[in-house]
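> Next up is a structure, given as structure tokens.
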Amino acid sequence: MTAPASLPVAEGIRLSGVSKRFGRHQQGIQALSDITLDVAEGELVTLIGPSGCGKTTLLRIIGGLLDPDTGTVRVGTLSPDAARREKHFGFVPQAPALLPWRTVIDNVTLLDEVNKRRGRRRADPAGNRPTPAELLEQTGLSEFGHAHPHELSGGMQQRVALARAMALCAPILLMDEPFAALDEITRGEMRHLLLDVWASSGATCVFVTHSIDEAVLLSDRVVVLAPRPGRIAAVEPIDLPRPRPPGIEDQPEFHEHVRRIRQALHGSAR
Amino acid sequence: MEPYVPPSEPGRGRRAFSAVLPPTLAFAVLFGGWELFVRASDISHLVLPAPSAIGREIWDEPGYWWSHAMVTGSEALLGLLIALVVAIVLAILIAHSTVMDRALTPVVTMVQVTPVIALATPLVIWLGFGLAPKVVMAALITFVPLVVNAAMGLRSIDATTEEVLRSVAASPSEIFWKLRVPQALPYLFSALRVCVGLALIGALVAEWFGSTEGLGRVMTQARNSLAITKLWAAVAVLMAMGIVATTLVRLVERRVLRWHAPGRRP
Ligand SMILES: Nc1ncnc2c1ncn2[C@@H]1O[C@H](COP(=O)(O)OP(=O)(O)OP(=O)(O)O)[C@@H](O)[C@H]1O
Ligand SMILES: [Mg+2]
């Protein structure tokens, strides 16, 4: 694993009173209601909650892909839209969403090619940004740079999506259940890869998951969302040592966190 | 870094052999049976000429058939190219704006339900006996499948992939060139495969209704003089042209869409 020589500047995220409703007044769905949350610079926060509680919606609002009805979102000093134009987000969606006609390496450099004007402004004289070859090495894809996505397994495709987000060297990583479709073993490898990437880049990370174990293993804080309307039910700080020691999943402190989050989830479902 | 080497395909020669053998056998049985049937029965050549007689008709005058085939072929090709350009422009408008979609889709549907063949006579009246009515007919007949498929392809982009591009504020034109166009290509090619045959039919039919050269002209003359074998020979030449054109499209498609995951082609 090669770490970038120095760190990109991380940025905090500040949500206050964010609400979002889909559809018209009566039949509509209140997807999010009065969400207030601060994510510190360099912090890794996971969002967990039952299906349909608005996790993806919240991530899209932070990323400037969707406007909230009420409330404000700040990314550092910028609005989400301005941050998006400055290429501040490394976005990993739930599906790999690769371009099938591009090779792996061309998929990784895709986001550099678009919005070029801003890309140049983010050029770094110190050479902190990883080269495509370094990214492929870090994600274990060195031998597959010239393969097309359909020649890769699902886990490898997801690693390409991760490398694509890392290529921007963005101060903020937004990840929507990136490992949900993977088998248990691959998922374990991907979690460690993510922790490596996050630790070496120093980026702020908002991570959506369905897995309580995953949330506890990865996060500084776990935000439990409750459905209808989507709201914050509990926030659980995770005070486990970093880097996570091997076998941490079997320790009683780990289980205690899992138990408390499960309780919050059950309490909110009632 | 080791360059990626695609897995080699063992027994390529044998695969090609097994791809060619079944259709060759099928054709041999079909034409052999036809030949035997005509020779065994004393059926008149006006009803059904033997394949060997049709073949001889073409073999004896290759220059004659070549020049008429080129006339019909270039009419069809020109019509197809015009239809392709118009279809791409309209498809972009339809895929990009709801207003354009509402305005243009009924027009496309109207062309679709029009029995285009019936327009041959007015086309000849308007445009004369030359190249123009044939080109227009070939374009009219191929236009609808091209525009419908191209619009569908341009619209079929994956919403998640679009969001990835939007997450770095890609412009609409970047999304168009990097995502929509490559995504539409397989749809366009599958329409083209059908349309090369249709374009030939369009040019031929227009020739029936008034022309001085081309395979349609050959056919009407042959009919009038009861040269039935010659009529069949014209059909055979058209078939050969259709096969060559479709194969060419397939070859180009294979080159251009090499990246496409198997089974994802529409
Ligand atoms: N574009 C949309 N139009 C209408 N309703 C929507 C839209 N996007 C989301 N919703 C609704 O908002 C609610 C929250 O959706 P969201 O996708 O954020 O849930 P989620 O927590 O990500 O669920 P999952 O875990 O299943 O991915 C759901 O009830 C969904 O039906
Ligand atoms: Mg979701």
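The values are calculated or read from the model by the stated rules, or taken from the named source; none is laboratory data. Note that the structure is predicted; figures quoted are calculated from it, not measured. Every residue, glycine among them, receives a Cβ derived from its backbone with ideal geometry; neighbour counts consider all protein chains shown. Accessible surface areas use protein heavy atoms only, side chains included; no ligands, DNA or RNA. Shrake-Rupley method; radii C 1.70, N 1.55, O 1.52, S 1.80 Å.
> Using protein heavy atoms only (no ligands, DNA or RNA), what is the total accessible area buried between A and B, 1.4 Å probe, nearest 100 Å²?
On the way: alone 12900 and 16300 Å², together 26640 Å².
Heavy-atom accessible area buried at this interface is about 2600 Å².
> Next question, about the same structure. On full extension of the chain, what length is gained from A:ASP69 through A:ARG262, given 0.36 nm per residue of separation minus the C-alpha to C-alpha distance? Could you put the intermediate results ahead of the total?
Values: separation 193, 0.36 × 193 = 69.48 nm, distance 3.04 nm.
Length difference between fully extended and current span is 66.4 nm.
> Determine the gain in length on full extension of the stretch B:ARG39-B:THR247; use 0.36 nm per residue of separation and subtract their C-alpha separation, reporting nm with one decimal. Kindly include the intermediate steps, with their values, before the conclusion.
Working: separation 208, 0.36 × 208 = 74.88 nm, distance 3.31 nm.
That pair, B:ARG39 and B:THR247, stretches by 71.6 nm at full extension.
> Sort B:200-212, A:37-49 for me by packing, meaning the mean count of neighbouring Cβ atoms within 10 Å per residue, highest on top.
B:200-212, A:37-49
> Only Cα pairs within less than 10 Å get springs; with that Gaussian network setup on chain A, which residue of A:GLU253, A:GLU11, A:GLU214 has the largest fluctuation?
Comparing A:GLU253, A:GLU11, A:GLU214 in a Gaussian network model of chain A, the most mobile one is A:GLU253.
> I want to verify a result. In a Gaussian network model of chain A, Cα cutoff 10 Å, which of these has the top mean-square fluctuation: A:LEU162, A:LEU193, A:LEU225?
In this elastic network of chain A, the residue with the biggest mean-square fluctuation among A:LEU162, A:LEU193, A:LEU225 is A:LEU193.
> Given a 1.4 Å probe and the protein chains all in place, what does the accessible area of A:LEU195 round to, in Å² to the nearest 10?
Taking all protein chains as shown, A:LEU195 has close to 20 Å².
> With the Cα gyration tensor of the stretch B:1-149 in hand, give its eigenvalues times 5 under a square root as the equivalent ellipsoid semi-axes, listed largest first in whole angstrom.
Details: eigenvalues 307, 208, 53 Å².
Working from the Cα gyration tensor, I get semi-axes of 39, 32, 16 Å.
> Regarding the protein assembly as shown, what are the three Cα extents along the principal axes, ordered largest first, in Å?
Each principal axis gives a Cα extent; for the protein assembly as shown these are 97, 56, 52 Å.
> Let me ask another. Whole number please: convex hull volume per residue of the Cα set in chain A, in Å³?
On the way: hull volume 36.1 nm³, N = 270.
Taking only Cα atoms, chain A has a hull volume of 134 Å³ per residue.
> Calculate for chain A the 222 nm mean residue ellipticity that helices alone would give, adding -39,500 (n - 2.57) per DSSP H run of length 4 or more and normalising by residue count, nearest 500 deg cm²/dmol.
Estimated from H runs of four or more residues: -9500 deg cm²/dmol.
> Right, next: Report in % the part of the accessible area of chain A that belongs to carbon and sulfur, leaving out ligands and nucleic acids; probe 1.4 Å. The partial results should precede the final answer.
On the way: 6040 of 11680 Å².
The value for chain A is 52 percent carbon and sulfur by accessible area.
> Under a point-charge model restricted to the Cβ atoms of Lys and Arg (+1) and Asp and Glu (-1), what is the dipole moment magnitude of the stretch B:61-264 relative to its Cα centre, in debye to the nearest 20? Working shown, then result.
Numbers: 15 positive and 10 negative charges, 63 e Å.
The dipole of the stretch B:61-264 has a size of about 300 debye.
> Using heavy-atom solvent-accessible surface (probe 1.4 Å) with all chains present, what is the largest-first order of B:MET152, B:MET100, B:MET241, A:MET175? Before the final figure, lay out the partial values.
Numbers: B:MET152 95, B:MET100 75, B:MET241 40, A:MET175 0 Å².
Reading off the accessible areas and sorting them downward yields B:MET152, B:MET100, B:MET241, A:MET175.
> What residues of the stretch A:88-106 lose no less than 30 Å² of accessible area with every protein chain in place versus their chain by itself (probe 1.4 Å, heavy atoms only)?
Those are A:PHE91, A:ALA97, A:LEU99, A:PRO100, A:TRP101, which lose 30 Å² or more relative to the chain on its own.
> Once you charge only the Cβ atoms, +1 for Lys and Arg and -1 for Asp and Glu, what is the size of the charge dipole of chain A about its Cα centre, to the nearest 20 debye? Can you show the working numbers first?
Values: 31 positive and 32 negative charges, 246 e Å.
Here chain A has a charge dipole of around 1180 debye.
> Sorted from largest down, what three extents in whole angstroms do the Cα atoms of the stretch B:15-90 have along their principal axes?
Principal-axis extents of the stretch B:15-90 (Cα, largest first): 56, 38, 23 Å.
> 222 nm [θ] for chain B, helices only, -39500 (n - 2.57) per DSSP H run of 4+, per residue, to 500?
Numbers: 11 runs with 202 residues, N = 266.
Helix-only estimate at 222 nm: -26000 deg cm²/dmol.
> Using the heavy atoms of the protein chains and a 1.4 angstrom probe, tell me the accessible area per residue for the stretch A:64-205 in square angstrom. Working shown, then result.
Details: 5340 Å² over 142 residues.
Heavy-atom accessible area per residue stands at 38 Å².
> Okay, moving on. Could you do me a favour and compute the accessible area per residue for the stretch B:61-264, 1.4 Å probe, result in Å²? Don't jump to the answer; show the numbers that get you there.
On the way: 9890 Å² over 204 residues.
For the stretch B:61-264, the per-residue accessible area is 48 Å².
> To continue, here is another question. For the stretch B:51-125, place one equal point scatterer on every Cα, skip the solvent, and apply the Debye formula. What is log10 of I(q)/I(0) at q = 0.14, 0.17, 0.19, 0.28 Å⁻¹?
Reported log10 I(q)/I(0), two decimals: -0.71, -0.86, -0.94, -1.18.
> Working out 0.36 nm times the residue gap between A:ASP34 and A:ARG242, then minus their Cα-Cα distance, what length gain in nm do you get to one decimal?
Working: separation 208, 0.36 × 208 = 74.88 nm, distance 3.21 nm.
Roughly 71.7 nm would be gained on extension.
> Apply the membrane-span-like helix rule to chain A: whole DSSP H runs, Cα extent along the own long axis of at least 15 Å, mean Kyte-Doolittle hydropathy at least 0.0. List the helices found. Before the final figure, lay out each step's value.
On the way: long enough: A:154-166 (18 Å, 0.03); A:184-201 (25 Å, -0.14); A:252-269 (25 Å, -0.97).
Passing helices, by number: A:154-166.
> Next up: Distance between Cα centroids, the stretch A:55-84 to the stretch B:83-139: provide it in whole Å.
46 Å
> OK, next. Give, to the nearest whole percent, the P(r) tail of the stretch B:61-264 beyond 33 angstrom, counting all Cα pairs.
On the way: 5250 of 20706 pairs.
Above the 33 Å cut-off, the stretch B:61-264 has 25 percent of its Cα pairs.
> Given Cα pairs under 8 Å that are at least 6 residues apart, what percent is the relative contact order of the stretch B:61-264? Could you put the intermediate results ahead of the total?
On the way: 232 pairs, mean separation 58.4, N = 204.
Relative contact order of the stretch B:61-264: 29 percent.
> GNM on chain B, C-alpha springs below 10 Å: top fluctuator among B:LEU188, B:LEU80, B:LEU93?
B:LEU93
> Once you treat every alpha carbon in the stretch B:132-226 as an equal point and sum by Debye, what is log10 I(q)/I(0) at q = 0.14, 0.18, 0.20, 0.24 Å⁻¹?
-0.64, -0.81, -0.90, -1.07
> While we're here: Per residue, what volume in Å³ does the convex hull of the Cα atoms of the stretch A:98-252 enclose? Don't skip to the end; give the middle numbers.
Values: hull volume 23.7 nm³, N = 155.
Taking only Cα atoms, the stretch A:98-252 has a hull volume of 153 Å³ per residue.
> Let me ask something additional. Give me D for the stretch B:211-256 in µm² s⁻¹, whole number, from Stokes-Einstein with Rh from the Kirkwood sum over alpha-carbon pairs, 20 °C and 1.002 mPa s.
Working: Rh = 11.9 Å.
Taking Rh from Cα pairs, D becomes 179 µm²/s.
> While we're here: Which residues of the stretch A:46-74 bury at least 10 Å² of accessible area once all protein chains are present, versus their chain alone (1.4 Å probe)?
A:ARG60, A:LEU65
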